[in-house]
Amino acid sequence: MNLQKHLSTLVGTVKELLCGLLDFLFPRNCVVCGRPLDTYEHHLCLQCYLELPRTGYHKAPHSFLETNYWGKIPIERAASFFFYNENNRPILFDFKYHEKPSLARHLGWLMAREIKRESLFFDGIDLLVPIPLHPRKEERRGYNQCHYLAQGIRQATGISVCKDAVRRIIDNPSQTRLPHALRTENVEGVFQCVKPEKLCGKHILIVDDVITTGATTRSCATAILQALGDYKPTGLNTQARVKISILSLAVASPHQIPMKADSSYVYPCDP
């Protein structure tokens, strides 16, 4: 028993030394502030993690984001982890455009872990449905960042990911540079639910990276509802054969006052 304990301690020490050596030879830096990361930190330093302007939407019974969908699609609940601003912009650009899918997975895990600890937001969710990219765009980029976000959420919650039930059938221009007035038109009809039987009778969580007007997630939800014959643009649809909730990593909402992170938050280690 003592030998096993000593071996375990030795392995831990060697692992720590190797990690320290790798950090020395190949420095890892925070994606926001650029500071060298400590051994226990991944992609984001503790300070920048604490300073993410959290929305707190997952703790609200009818959040500002949820009410944005009312009268447009039947929605169970909706939340975003933090408010998008110029300070945290590098996080989203790194995993979206700079070939860092592992960052997206880690952020999905961080987000889900915190939301799960603070609320019942994930209760009753059966499937995670990441917003799909058009095949040509996914081939150019090499990955779908929303799929990796969903994988991180799965790590923290155990909820399965379903990535083949919905397809993006039109390679529409990016929403990033479009004025808000044109964003709904830009994503209208771009999605198709090709395997509605996988979603029928389920409570699904649509996963997106950033929500601005909500047009992309509405379009995806509408495609699912139409495929199941459940689409009713106004009011609650209590007879729907699918329940829909929405979660994004960030939301662009300059009119809302960000909730500051509690000082008791700690930087979680990888599972």
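The values are calculated or read from the model by the stated rules, or taken from the named source; none is laboratory data. From a predicted model like this one, the values you see are computed outputs, not experimental measurements. Here the Cβ is made from the backbone with ideal geometry for all residues, glycine too, and neighbour counts use every protein chain on show. Surface accessibility is based on the protein's heavy atoms, side chains included, excluding ligands, DNA and RNA. Shrake-Rupley method; radii C 1.70, N 1.55, O 1.52, S 1.80 Å.
Return yes when S219 is part of a helix (DSSP H, G or I), touching a helix residue (DSSP H, G or I) at 6+ places or on another chain (Cβ under 8 Å) and modelled with pLDDT of 80 or more and no when it is not.
The answer is yes for S219.
For R117, only one of the following conditions fails: (1) in contact (Cβ under 8 Å) with a residue 40 or more places away in the chain; (2) out of contact with any strand residue (DSSP E or B) (no Cβ under 6 Å at 6 or more places or on another chain); (3) assigned to a helix (DSSP H, G or I). What is its number?
Tallying (1) in contact (Cβ under 8 Å) with a residue 40 or more places away in the chain; (2) out of contact with any strand residue (DSSP E or B) (no Cβ under 6 Å at 6 or more places or on another chain); (3) assigned to a helix (DSSP H, G or I), R117 fails exactly one: (1).
List the residue pairs whose Cβ atoms are under 6 Å apart, where the first residue sits in the range 74-86 and is acidic (D, E), the second is buried (at least 24 other Cβ atoms within 10 Å of the Cβ), and the two are 6 or more positions apart or on different chains.
none
When you look at S63, is it more than 16 Å from the chain's Cα centre (by Cα) and among the polar types (S, T, N, Q), yes or no?
The answer is yes for S63.
Of the residues E138, E51, which is out of contact with any strand residue (DSSP E or B) (no Cβ under 8 Å at 6 or more places or on another chain), charged (D, E, K, R) and under 17 Å from T216 (Cβ atoms)?
E138
Could you list all residues from the range 84-142 that are in contact with a Pro (Cβ under 9 Å, 6 or more places away or on another chain) and open to solvent by less than 10 Å² (accessible area, probe 1.4 Å)?
Listed by number, the residues that qualify are N88, F95, L110, E114.
Which of the residues belonging to the range 27-60 are of a type in the set (A, V, I, L, M), under 17 Å from S102 (Cβ atoms) and not in a loop (DSSP other than H, G, I, E, B)?
Residue satisfying the conditions is L44 alone.
Filter the range 79-95 down to the residues that are of a type outside the set (A, V, I, L, M) and under 12 Å from the mean Cα position of the chain (by Cα), then identify the one that is nearest to I115 (Cα to Cα).
The extreme case among them is F81.
Exactly one condition in (1) open to solvent by less than 10 Å² (accessible area, probe 1.4 Å); (2) under 23 Å from I244 (Cα atoms) is false for C45; which is it?
The failed condition is (2).
Could you list all residues from the range 138-163 that are over 21 Å from A250 (Cα atoms), at pLDDT below 95 and not in a helix (DSSP H, G or I)?
Result: G142, single match.
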